[in-house]
Amino acid sequence: MKSSTPVIIAVDGYSSCGKSTFAKRIANKLNYVYIDTGAMYRAVALYALQHGLADTRQIQNETLVKALDDITIRFRFNPTTGTQETWLNGTNVEEAIRGLEVSAIVSKISQISEVRRKMVGLQRSIGEKDNVVMDGRDIGTVVFPQARLKIFMTADVAIRAQRRYKELKTKGIEASFDDICNNIRMRDHEDETRSESPLQKASDAHVLDNSHMSVEQQMEWFENTWNNIENSNDN
Ligand code: DC
């Protein structure tokens, strides 16, 4: 029998694997809410920058932890773009959190245990109300170990770097392919080896290696996987 509690689909995996594109497509298809948990860590990083609590050299961990109660993060649906946008203390920060300054410090911000505790609490409260597709690093392992479906995404480093290179080029940003490769390797290492909630595949996660798959093929994979789960729950 199906429960009436909201359904959670967890999408975890390495950076630059196309998690958000895939998770958004799933959410659209099922009419679930899409939550980008990386955006929440990015919003805390932006707050720290705005309040002089962080720069690329150091983060004032203790002061930031004391300020956590003053940080309110919400997602609001923008009907014009058809996506959820991130709001920090009443301001739309969807664009600001994608900037280089935030990207440079967010990994360190996400290693602070008090920050993680607050974000996980927020993520769980969202998942208590709505059916959600949530993407991140620890959704299937820590935030929602009971998720109905857990997906763990991966792809070859060179292929991820190629995709990122093309994306930057489209935006008119010059970058060296080798630098991008090295940056991806470094981020993988940081995500996998941090002491707080490192990136790990949950034992019951379904692995999606999309190195040689189009988005359409990934959606076909999702539909098969999802139908199998739904059918096994019906039996
Ligand atoms: O997915 P992203 O690059 O926007 O994530 C930003 C940072 O937050 C990245 O350093 C990984 C971290 N993160 C995390 O630790 N846990 C999550 N659930 C999501 C992101």
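The values are calculated or read from the model by the stated rules, or taken from the named source; none is laboratory data. Given the structure is predicted, the values throughout are model-derived calculations rather than measurements. Please note: Cβ atoms are built from the backbone with ideal geometry, for glycine as well, and neighbour counts cover all protein chains shown. Side chains are part of the model used for accessible areas, which takes the heavy atoms of the whole protein and leaves out ligands, DNA and RNA. Shrake-Rupley method; radii C 1.70, N 1.55, O 1.52, S 1.80 Å.
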Whole-percent pair-distance distribution, where bins are 5 Å wide, for the alpha carbons of the chain:
1, 6, 13, 18, 20, 18, 13, 7, 3, 1, 0, 0
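So between S232 and R163, what do we pick up on full extension, going 0.36 nm a residue minus the alpha carbon distance? The partial results should precede the final answer.
Details: separation 69, 0.36 × 69 = 24.84 nm, distance 3.59 nm.
Full extension of this stretch gives 21.2 nm more.
Please arrange D156, D178 by accessible surface area, largest first, computed with a 1.4 Å probe and ligands excluded.
D178, D156
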Simple Cβ-charge dipole of the stretch 1-77, Lys/Arg +1 and Asp/Glu -1, about Cα centre, in debye nearest 20
480 debye
Tell me the carbon and sulfur percent of the accessible area for the stretch 1-40, rounded to whole percent, probe radius 1.4 Å.
47 percent
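Using a 1.4 Å probe over the heavy atoms of the protein chains, calculate the carbon and sulfur portion of the accessible area of the stretch 76-116 as a whole percent.
Its accessible area is 53 percent carbon and sulfur atoms.
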What number, rounded to the nearest 500 deg cm²/dmol, is the helix-based mean residue ellipticity at 222 nm of the chain, given -39500 (n - 2.57) per DSSP H run of at least four residues and division by all its residues?
-15000 deg cm²/dmol
Give me the one-decimal nm value for the distance between modelled label points at T21 and Q217, 7 Å along each residue's Cα-to-Cβ direction.
1.3 nm
Leaving out ligands, DNA and RNA, and with a 1.4 Å probe, what % of the accessible surface on the stretch 164-217 is carbon or sulfur?
48 percent
How much net charge surrounds L168 when only the other residues with a Cβ under 13 Å from the Cβ of L168 are counted, with Lys and Arg +1 and Asp and Glu -1?
+4
Sequence of R187, R74, R57 from largest to smallest accessible area, 1.4 Å probe
R57, R74, R187
Taking only protein heavy atoms and a 1.4 Å probe, what accessible area per residue, in Å², does the chain have with all protein chains in place?
54 Å²
Sort E223, E94 by accessible area with a 1.4 Å probe, largest first.
E223, E94
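Do you know the relative contact order of the chain, to the nearest whole percent, from alpha carbon pairs under 8 angstrom that are 6+ apart?
32 percent
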Kindly state, to the nearest 0.05, the FRET efficiency for T72 paired with N131, given R0 = 25 Å and r defined as their beta-carbon distance.
0.60
Taking 0.36 nm per residue of separation and subtracting the Cα-Cα distance, what length does fully extending V207 through T225 add?
5.4 nm
Roughly speaking, what is the stretch gain from T63 to S107, that is 0.36 nm per residue apart minus the C-alpha to C-alpha distance, in nm to one decimal?
14.1 nm
Kindly write out, for the stretch 52-60 in residue order, the coupling ³J(HN,Hα) from the Karplus curve 6.51 cos²θ - 1.76 cosθ + 1.60 (θ = phi - 60°), rounded to whole Hz, with x marking Gly and Pro.
x, 9, 7, 9, 5, 8, 8, 10, 7
Would you mind giving the average projected area, over all directions, of the Cα convex hull of the stretch 1-79 in nm² with one decimal?
8.3 nm²
